[in-house]
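Visitor: I have a structure I would like to understand better, so I am pasting it below and will then ask my questions one at a time.
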Amino acid sequence: MGKWAIAVHGGAGIDPNLPVERQEQAKQLLTRCLNLGIAALRSNVSAIDVVELVVRELETDPLFNSGRGSALTEQGTVEMEASIMDGTKRRCGAVSGITTVKNPISLARLVMDKSPHSYLAFSGAEEFARKQGVEIVDNEYFVTEDNVGMLKLAKEANSILFDYRIPLGCAGAAVTDSPLLMNGLPISIYAPETVGCVVVDREGRCAAGTSTGGLMNKMMGRIGDSPLIGAGTYASELCGVSCTGEGEAIIRSTLARDVSAVMEYKGVGLQEAVDYVIKHRLDEGFAGLIAVSNKGEVVCGFNCNGMFRGCATEDGFMEVAMWE
């Protein structure tokens, strides 16, 4: 029997002016999710089940950008995406373009368990969800008043907003002053709030899951890194990884898979592998990740000013943090 470990994240890149109240809300949510996962692991729930359980909790709370509270497209609607992977046999499931499924991570799990495919999107994924009997809600359920206001700001700035929960006074200045680019085009505030969870259980089984609403004011049909196996999510017999940050940079670097690959091919441990990919694989992009190993290790890494994150191990270590 090995030792379990768990980590959760709520996005990499945090505005320094984020109000203390918002910071405390984020810490409380991450702590609640960690405790939920810890209780399940102590009851010998499998890694893949714990990942789904924790990400569902994150999707249900509107604080971060997944499920209820997801970022809005340029048309004011929500298009969500998620993926989940079981490292034992490298089984995976992913969905994109989800508009009515209350918990996209559970639909991704059903794609893995109940379909012959690994990835379903848009109308096909929605039809599969109805056949599987998952909970369906109107798209309006995911739309919050805060996000409607931030979409208006993004449209006025003709930009894509990453952190759409920063008060308008803070965000307004950053929209005009920010030199950040994505694929050569201007963006505003760098603080995406994708959510994710990685777990290794007492059997040494690793799993990972990631869920997001994407970017505020994104183009209809845009797909980021979160549902892409090997980019935003990856799990193998060695580790489980969930990424967050600039999706296009994560996709180019196949960031999550690279952590496992460095461990496999270079024969290094989890910490060294995470450090290597964060330093050498992101080029000019900004991102972060959480990872666990089959030895019960847990590591968080990022190359920006902060990442909403929490982690715990069977040895009694527990941490919830935001900044470096």
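The values are calculated or read from the model by the stated rules, or taken from the named source; none is laboratory data. Because the structure is predicted, anything quoted here is derived from the model rather than measured. Please note: Cβ atoms are built from the backbone with ideal geometry, for glycine as well, and neighbour counts cover all protein chains shown. Each accessible area value is taken on the protein alone, full model and side chains, heavy atoms only, with ligands, DNA and RNA left out. Shrake-Rupley method; radii C 1.70, N 1.55, O 1.52, S 1.80 Å.
Visitor: Could you work out the helix-only [θ] at 222 nm for the chain, with each DSSP H run of four or more residues adding -39,500 (n - 2.57) and the total divided by the number of residues, to the nearest 500 deg cm²/dmol?
Guide: Helix-only estimate at 222 nm: -11000 deg cm²/dmol.
Visitor: State the extension gain, in nm to one decimal, for the chain segment bounded by E21 and V268, taking 0.36 nm per residue of separation less the distance between their alpha-carbons.
Guide: Residue separation times 0.36 nm, minus the Cα-Cα distance, leaves 84.9 nm.
Visitor: Also, quick follow-up: Got a sec? Charge dipole of region 64-127, +1 on Cβ for Lys and Arg, -1 for Asp and Glu; which of Q75, T99, L120 is way out at the positive end?
Guide: Ranked along the dipole, the leading option is L120.
Visitor: A follow-up question, please. For region 1-59, calculate the relative contact order in percent as a whole number, restricting contacts to Cα pairs under 8 Å that are 6 or more residues apart.
Guide: Value for region 1-59: 36 percent.
Visitor: Can you work out the FRET efficiency for the pair D275 and E248, with r the C-beta to C-beta distance and R0 = 30 Å, to the nearest 0.05?
Guide: Efficiency at R0 = 30 Å is approximately 0.85.
Visitor: Express the carbon and sulfur contribution to the solvent-accessible surface of the chain as a percent, rounded to the nearest whole number, probe 1.4 angstrom.
Guide: The computed percentage sits at 50.
Visitor: Of the candidates E272, E126, E248, which one comes out as most mobile in a Gaussian network treatment of the chain with C-alpha springs shorter than 10 Å?
Guide: Result: E272 has the largest fluctuation of those listed.
Visitor: If a/c stays under 1.5 just call it rounded; otherwise compare a/b with b/c (prolate if a/b is bigger, oblate if not). Do that for region 38-142, with a ≥ b ≥ c from the square roots of the Cα gyration tensor eigenvalues. It would help to have the intermediate numbers written out before the result.
Guide: Details: a/c = 2.11, a/b = 1.32, b/c = 1.60.
Cα axes put region 38-142 in the oblate bin.
Visitor: Could you sort out which of K114/K279; K89/K266; K3/K27; K131/K152 sit more than 28 Å apart by Cα distance in this structure?
Guide: K114/K279; K131/K152
Visitor: Could you report the chain's accessible area per residue, 1.4 Å probe, as an integer in Å²?
Guide: Per-residue value: 39 Å².
Visitor: Let me know the shape class of region 181-324, please: from the alpha-carbon gyration tensor, a ≥ b ≥ c as square roots of the eigenvalues, rounded when a/c is under 1.5, otherwise prolate if a/b is greater than b/c, or oblate. Let's see the in-between values first.
Guide: On the way: a/c = 1.77, a/b = 1.59, b/c = 1.11.
Judged from the Cα gyration tensor, region 181-324 comes out prolate (a/c at least 1.5, a/b above b/c).
Visitor: A further question on this structure: When only Cα pairs under 8 Å and 6 or more residues apart are kept, what is the percent relative contact order across region 44-119?
Guide: Numbers: 116 pairs, mean separation 18.5, N = 76.
Relative contact order for region 44-119 comes out at 24 percent.
Visitor: With charges only on Cβ, +1 for K and R and -1 for D and E, what is the dipole size of region 63-150 about its Cα centre, in debye, rounded to 20?
Guide: Values: 9 positive and 12 negative charges, 133 e Å.
The calculation lands at about 640 debye.
Visitor: Next up: Let me have the relative contact order for the chain, percent, based on Cα pairs under 8 Å that are six or more residues apart.
Guide: Numbers: 890 pairs, mean separation 84.0, N = 324.
Relative contact order for the chain comes out at 26 percent.
Visitor: Quick check: from the Cα gyration tensor, does region 252-324 come out rounded (a/c under 1.5), prolate or oblate?
Guide: oblate
Visitor: Another question, if that's okay. Label N35 and H117 with points 7 Å out from Cα along Cα→Cβ: what is the distance between them in nm?
Guide: Distance between the two pseudo-spin positions: 4.0 nm.
Visitor: Pull out the extension gain between N303 and K152, defined as 0.36 nm times the separation in residues minus the alpha carbon to alpha carbon distance; nm, one decimal.
Guide: Separation in residues times 0.36 nm, less the Cα-Cα distance, equals 51.4 nm.
Visitor: Turning to a different aspect of this structure: Roughly how many nanometres apart are two label points built 7 Å out from the Cα toward the Cβ at E324 and K3?
Guide: With each label point 7 Å from Cα toward Cβ, the separation is 2.8 nm.
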